[in-house]
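The block underneath contains the structure these notes are about, expressed in structure tokens.
The values are calculated or read from the model by the stated rules, or taken from the named source; none is laboratory data. If you're wondering where the values come from, they're calculated on a predicted model, not measured in any experiment. Glycine gets a Cβ as well: all are built from the backbone with ideal geometry, and neighbour counts include every protein chain shown.
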Ligand code: SAH
């Protein structure tokens, strides 16, 4: 019989398992602190559990981990990309972004992606499978172990994959990340980013979590958005914006819109005016990011001057907008780029 992947269990399932093995209820907190707080790689390390319980756990469960295929650290800003190999030899990427006031990990949620955004490094390679809860948590555990001086304060699901297409596993990973006995990362410091899967957004609004929601918008024009974010054909802009307004209403939280500036596609002053009109009156902010070039000759980012005009046009219309610095450009930190260099 296959052993149970212990890090993929929810806390309740873990409690059930421990009860079945004759362990007390509070043991689940202990086991979580070993697995997530201290990154234990074996049950033998869990010295405050009695030997009999440890042996039973060992016989029934296994502790997964990811293995490193490659990594690159930026000399400019310390951003580090990791390429990991999973048990079935699939590969995923994780990025560690150290800053003065916070340390962020950017997580992958799937091996590949189904949604085929035109500017995305992972799109041409298609979808392989969902990540398990344990695999997402293992991304965090590896980065934590390799950066022991840096407390991980923020998590963003902005790596490879669409988190809302792996909904249940992502929610369970979030619960472990947020749990006091788990990683103890504040819900408000965890961000889920979606290309706009409306039914999942509606479900997410009802979770009662304080987790941040980002929506990858990239255009305020329906035809343009259908071209660069093809899922827009299924969930068009007007429906998406309505779902966003309902989310804000239901949760009393704000939405962050991601907007990747691509020269000649969505980066003119007129595009900015359209965006301002679309978002008018909504509790939101816009993160503007210069397009990170995947391969020469396809899209490119607009000039610094054009970018400044775009930002000014948005702010002039009272839209809260931030131009995000691209991190780790010297190491191709755009997500998925290390992976494609090996595929
Ligand atoms: N599928 C989710 C999460 C993964 S993409 C989503 O679409 O939001 C995370 C963010 O990176 C998205 O906002 C995405 O549009 C952006 N992104 C993807 N490729 C990029 C590139 N080449 N340059 C800049 N940002 C990019």
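What residue, among those in the stretch 55-95 that are assigned to a strand (DSSP E or B) and within 16 Å of the ligand (Cβ to nearest atom), is farthest from the chain's Cα centre (by Cα)? Full working, then the answer.
First, pick out the residues of the stretch 55-95 that are assigned to a strand (DSSP E or B): 61-62, 67-73, 80-85, 91-95.
Imposing the further condition that a residue be within 16 Å of the ligand (Cβ to nearest atom) reduces the set to 81, 92-95.
Numbers: 81: 14, 92: 12, 93: 11, 94: 9, 95: 10 Å.
By that ranking, first place goes to 81.
Looking at (1) touching a helix residue (DSSP H, G or I) at 6+ places or on another chain (Cβ under 8 Å); (2) at pLDDT 95 or above; (3) crowded, with 18+ Cβ neighbours inside 10 Å, which is the one condition that is false for residue 56?
(1)
Out of all the residues in the stretch 300-340, which are modelled with pLDDT under 75 and over 14 Å from residue 120 (Cα atoms)?
Passing the criteria: 326, 327, 328, 329, 330, 331.
Just need a number here: residues in the stretch 123-146 that are more than 25 Å from residue 9 (Cα to Cα) and out of contact with any strand residue (DSSP E or B) (no Cβ under 6 Å at 6 or more places or on another chain).
Restricting attention to the stretch 123-146, the residues satisfying the condition of being more than 25 Å from residue 9 (Cα to Cα) are 123-126.
So of that shortlist, the ones also out of contact with any strand residue (DSSP E or B) (no Cβ under 6 Å at 6 or more places or on another chain) come out as 123-124.
Residues in the stretch 123-146 being more than 25 Å from residue 9 (Cα to Cα) and out of contact with any strand residue (DSSP E or B) (no Cβ under 6 Å at 6 or more places or on another chain): 2 in total.
Mind checking whether some residue in the stretch 71-89 is touching a residue at least 60 places away in the same chain (Cβ under 8 Å), outside the structural domain of residue 324 (by TED's automatic domain parsing) and in contact with a helix residue (DSSP H, G or I) (Cβ under 9 Å, 6 or more places away or on another chain)?
Within the stretch 71-89, not a single residue is touching a residue at least 60 places away in the same chain (Cβ under 8 Å), outside the structural domain of residue 324 (by TED's automatic domain parsing) and in contact with a helix residue (DSSP H, G or I) (Cβ under 9 Å, 6 or more places away or on another chain).
Answer yes or no as to whether residue 304 is without any contact (Cβ under 8 Å) to a residue 40 or more places away in the chain and within 14 Å of the ligand (Cβ to nearest atom).
On the way: without any contact (Cβ under 8 Å) to a residue 40 or more places away in the chain: yes; within 14 Å of the ligand (Cβ to nearest atom): no.
When the stated conditions are applied, residue 304 does not pass them.
Looking only at helices (runs of 4 or more DSSP H) that fall completely inside the stretch 158-268, which ones have 2 or more residues that are touching a strand residue (DSSP E or B) at 6+ places or on another chain (Cβ under 7 Å) and crowded, with 19+ Cβ neighbours inside 10 Å?
Details: elements: 167-178, 198-205, 222-228, 237-251.
In the stretch 158-268, the matching helices (runs of 4 or more DSSP H) lie at 167-178, 198-205, 237-251.
What is the number of the single condition among (1) in contact with a helix residue (DSSP H, G or I) (Cβ under 9 Å, 6 or more places away or on another chain); (2) at pLDDT below 95 that residue 293 does not meet?
Looking at each condition in turn, residue 293 falls short on (1).
From the list 41, 73, 62, which one is touching a strand residue (DSSP E or B) at 6+ places or on another chain (Cβ under 7 Å) and within 21 Å of residue 177 (Cα to Cα)?
Working: 41 fails: touching a strand residue (DSSP E or B) at 6+ places or on another chain (Cβ under 7 Å); 73 fails: within 21 Å of residue 177 (Cα to Cα).
Every option except 62 fails the conditions.
Residue-by-condition table, conditions (1) more than 13 Å from the ligand (Cβ to nearest atom); (2) over 25 Å from residue 124 (Cβ atoms):
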site: 234; (1), (2): yes, no
site: 248; (1), (2): yes, yes
site: 256; (1), (2): no, yes
site: 267; (1), (2): no, no
site: 286; (1), (2): no, yes
site: 298; (1), (2): no, no
